[in-house]
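Input: a single structure, listed below in structure tokens.
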Amino acid sequence: MKKLSATAMILVMFAMIGCSTSLDTYRDKEPHLKLEEFFNGELVAYGMVQDYSGEVIQRFRVDLVGSWEGNEGVLDETFYYADGREQKRIWYITKTAPDQYEGRASDVEGVAKGKVAGNVLNWSYVLNIELDGEPFSVKLDDWLYLVDEDNMINRTHMYKYGINVGEITLYIGKK
């Protein structure tokens, strides 16, 4: 009997590992996220980076300015890290179809692809960062949750060779 219970527990654990929330889960959630509306004007963000163990390894603030013309947007980000470093990233975003976006930035490999369902955007891309003075590429699974028309929560999982190496948590608000 104990052997059967242990086997059942292992099967349940593997089933849970294989489960993840689908973007479609959010299809009917309001308010509906439109990047060209939320990321338009001045915003501020506060966040942290955690390593694979959950330890906070970096804290930061970001000043953002977004502007849109038709289906083309620019998101100018200035990062201020707790260790005194500053970093600039400029996103060039294109709305390619209803609820679909592409983004490019100088430290992003290729094109970031994103899709909106309801109040959520899921981006996927490879970001080039520096780790201990060396270049390091990580795949990002980026989830942005619109709380209301002025506030958003962003959770990002970072992977290297398919292994979770960290997480970013970010609050974004309109000024």
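The values are calculated or read from the model by the stated rules, or taken from the named source; none is laboratory data. From a predicted model like this one, the values you see are computed outputs, not experimental measurements. Here the Cβ is made from the backbone with ideal geometry for all residues, glycine too, and neighbour counts use every protein chain on show. Each accessible area value is taken on the protein alone, full model and side chains, heavy atoms only, with ligands, DNA and RNA left out. Shrake-Rupley method; radii C 1.70, N 1.55, O 1.52, S 1.80 Å.
Would you point out the residue of segment 40-55, among those that are open to solvent by 40 Å² or more (accessible area, probe 1.4 Å) and within 17 Å of the chain's Cα centre (by Cα), that is farthest from Lys160 (Cα to Cα)? So, considering only residues that are open to solvent by 40 Å² or more (accessible area, probe 1.4 Å) and within 17 Å of the chain's Cα centre (by Cα), the one farthest from Lys160 (Cα to Cα) is Tyr46.
Put simply, of Lys29, Lys3 the only residue that is farther than 17 Å from Trp123 by Cα, surrounded by 13 or more Cβ atoms within 10 Å (Cβ to Cβ) and at pLDDT below 95 is Lys29. Could you tell me which of the residues Val74, Val126 is within 23 Å of Lys160 (Cβ to Cβ) and either of a type in the set (Asp, Glu) or in contact with a Ser or Thr (Cβ under 7 Å, 6 or more places away or on another chain) (or both)? Being within 23 Å of Lys160 (Cβ to Cβ) and either of a type in the set (Asp, Glu) or in contact with a Ser or Thr (Cβ under 7 Å, 6 or more places away or on another chain) (or both) holds for just one of Val74, Val126, which is Val126. Of all the residues in segment 69-102, those that are among the aromatic types (Phe, Trp, Tyr), open to solvent by 50 Å² or more (accessible area, probe 1.4 Å) and within 19 Å of Leu144 (Cα to Cα) number 1. The residue that is modelled with the lowest pLDDT, among those in segment 121-135 that are surrounded by 13 or more Cβ atoms within 10 Å (Cβ to Cβ) and more than 19 Å from Leu23 (Cβ to Cβ), is Ile129.
So, in segment 146-171, of the ones that are touching a helix residue (DSSP H, G or I) at 6+ places or on another chain (Cβ under 8 Å) and part of a strand (DSSP E or B), which residue ends up surrounded by the most Cβ atoms within 10 Å (Cβ to Cβ)?
Filtering segment 146-171 down to residues touching a helix residue (DSSP H, G or I) at 6+ places or on another chain (Cβ under 8 Å) leaves 146, 149, 152.
Those left that are additionally part of a strand (DSSP E or B): 146, 152.
Working: Leu146: 25, Met152: 23.
So, considering only residues that are touching a helix residue (DSSP H, G or I) at 6+ places or on another chain (Cβ under 8 Å) and part of a strand (DSSP E or B), the one surrounded by the most Cβ atoms within 10 Å (Cβ to Cβ) is Leu146.
Filter segment 124-162 for residues that are in contact (Cβ under 8 Å) with a residue 60 or more places away in the chain and of a type in the set (A, V, I, L, M); which is nearest to Trp91 (Cα to Cα)? Among those that are in contact (Cβ under 8 Å) with a residue 60 or more places away in the chain and of a type in the set (A, V, I, L, M), it is Leu144.
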